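Beneath this line is the structure, given in structure tokens, with notes to follow.
The values are calculated or read from the model by the stated rules, or taken from the named source; none is laboratory data. As the structure is a computational prediction, the values presented were derived from the model and not from experiment. Positions of Cβ are backbone-derived with ideal geometry, glycine not excepted, and every protein chain shown enters the neighbour counts. Note: areas computed on protein heavy atoms with side chains; ligands, DNA, RNA excluded. Shrake-Rupley method; radii C 1.70, N 1.55, O 1.52, S 1.80 Å.
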Amino acid sequence: MLFKQQALLRQKLFVLGSLAIGSLLYLVARVGSLDRLQPLCPIDGRFGPRSQDEIPLRALQFKRGLLHEFRKGNATKEQIRLHNLVQQLPKAIIIGVRKGGTRALLEMLNLHPAVVKASQEIHFFDNDENYAKGIEWYRKKMPFSYPQQITIEKSPAYFITEEVPERIYKMNSSIKLLIIVREPTTRAISDYTQVLEGKERKNKTYYKFEKLAIDPNTCEVNTKYKAVRTSIYTKHLERWLKYFPIEQFHIVDGDRLITEPLPELQLVEKFLNLPPRISQYNLYFNATRGFYCLRFNIVFNKCLAGSKGRIHPEVDTSVITKLRKFFHPFNQKFYQITGRTFNWP
């Protein structure tokens with residue numbers, strides 16, 4: 001009886017050992033495949049020659065968890081000093097456009113190990129009360145990062161607020177500026193939809209889009225309606241061009257970012273002088289959500305909030321036609337200024 005128990009025990013140990021070895025071999029193979037997808041490479045490009053203090057991109061990837069703890073305020077001053085972490089002013093800002101895909105763009109750029117994002121919209125340059133607190137207050141709102149990383153924030157109200165271009169210019173006249181746009185009529189309806197949802201949550205009534213977008217007295221497009229004004233991209237961009245050359249702007253196609261994000265992200269990497277690190281491995285289509293989600297590594301995935309991709313209300317086709325006709329000359333001028341053409345009707 002004892003002999004049978006010992007034999008059974010040896011058999012179980014053999015099976016467990018085989019499973020452990022198999023798991024180990026799988027992990028080794030998996031790590032190898034990840035290395036091929038994102039090879040070890042030092043930060044280069046805009047950061048200049050590598051110094052002894054610089055951290056390889058691969059190492060930065062493994063520091064994400066640590067940076068997350070610092071963002072939550074769980075670090076002592078000594079830990080911050082030992083890890084050489086700083087709060088940097090942004091080297092790039094997503095300045096707009098509202099409902100163009102600013103949040104998606106920020107989260108996708110955060111896939112790059114050399115990019116650190118500000119989690120919340122700071123509203124420093126467009127809010128007089130915040131701006132009066134000074135640039136040091138703004139810097140303290142930035143996430144902890146390594147000196148070699150790029151800090152990026154996004155506040156889409158910057159694009160349409162008159163005082164912002166001059167204020168940003170005074171902070172950094174060579175900053176990189178990102179603008180993400182969608183087809184203007186679609187963007188205006190998306191803007192309306194977000195406001196409508198907020199009203200409905202508070203059990204408040206709201207006008208139909210058609211009544212807001214079209215002036216009932218003239219039957220023409222209502223340019224006093226904020227959702228319409230925001231979609232006249234060229235009017236706002238011309239104000240920015242009084243302070244910054246067009247070379248400091250990069251226009252992102254928000255419609256393409258939804259359907260085919262990788263090429264758009266690769267263009268942004270190039271604009272920011274970042275070594276290419278975002279790959280198709282980092283993006284996967286979620287059929288339930290209807291848009292792409294993010295894969296940071298074998299363990300950590302992330303999808304945007306459920307509020308993204310709201311279903312738009314039906315809008316009278318004659319109003320859509322009138323809006324598209326109205327936006328057309330502004331769109332043509334926008335293409336001419338930026339050097340980028342979109343297939344907008």
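Just one of the listed residues (Leu294, Leu262, Leu257, Leu283) is touching a Ser or Thr at 6+ places or on another chain (Cβ under 8 Å), within 13 Å of Ala104 (Cα to Cα) and not acidic (Asp, Glu), namely Leu262.
For the list (1) under 16 Å from Phe326 (Cβ atoms); (2) without any contact (Cβ under 8 Å) to a residue 12 or more places away in the chain, I need the number of the one condition that Lys235 fails. Condition not satisfied by Lys235: (2). Filtering the range 145-162 to residues that are open to solvent by less than 10 Å² (accessible area, probe 1.4 Å) and either assigned to a helix (DSSP H, G or I) or of a type in the set (A, V, I, L, M) (or both) leaves Ile150, Ile152, Tyr158, Phe159. Of the candidates Tyr146, Tyr158, Tyr207, Tyr138, the single residue that is closer than 21 Å to Leu106 by Cβ, at pLDDT below 95 and either touching a Lys or Arg at 6+ places or on another chain (Cβ under 8 Å) or not charged (D, E, K, R) (or both) is Tyr146. Can you tell me which residue is nearest to the chain's Cα centre (by Cα) among those in the range 163-202 that are farther than 18 Å from Thr234 by Cβ, in contact (Cβ under 8 Å) with a residue 24 or more places away in the chain and not in a helix (DSSP H, G or I)? It comes out as Lys176.
Among the residues of the range 214-228, those that are in a helix (DSSP H, G or I) and over 23 Å from the mean Cα position of the chain (by Cα) comprise Lys226, Val228. A count restricted to the range 285-301 and to residues that are within 16 Å of the chain's Cα centre (by Cα) and of a type in the set (Ser, Thr, Tyr) stands at 1. Checked against the criterion of being crowded, with 16+ Cβ neighbours inside 10 Å, out of contact with any Lys or Arg (no Cβ under 7 Å at 6 or more places or on another chain) and not aromatic (Phe, Trp, Tyr), the candidates Pro216, Pro276, Pro245, Pro261 yield just one match: Pro261. Residues in the range 319-345 that are polar (S, T, N, Q) and open to solvent by 70 Å² or more (accessible area, probe 1.4 Å): Thr321, Gln332, Gln336, Thr341, Asn343.
Among the residues here, Asp253 does not qualify as over 25 Å from Gln120 (Cα atoms), among the acidic types (Asp, Glu) and touching a residue at least 60 places away in the same chain (Cβ under 8 Å).
What are the residues in the range 106-144 that are touching a Leu at 6+ places or on another chain (Cβ under 8 Å), surrounded by fewer than 23 Cβ atoms within 10 Å (Cβ to Cβ) and more than 18 Å from Lys302 (Cβ to Cβ), if any? Of everything in the range 106-144, those that are touching a Leu at 6+ places or on another chain (Cβ under 8 Å), surrounded by fewer than 23 Cβ atoms within 10 Å (Cβ to Cβ) and more than 18 Å from Lys302 (Cβ to Cβ) turn out to be Ile135, Tyr138, Arg139, Met142, Phe144.
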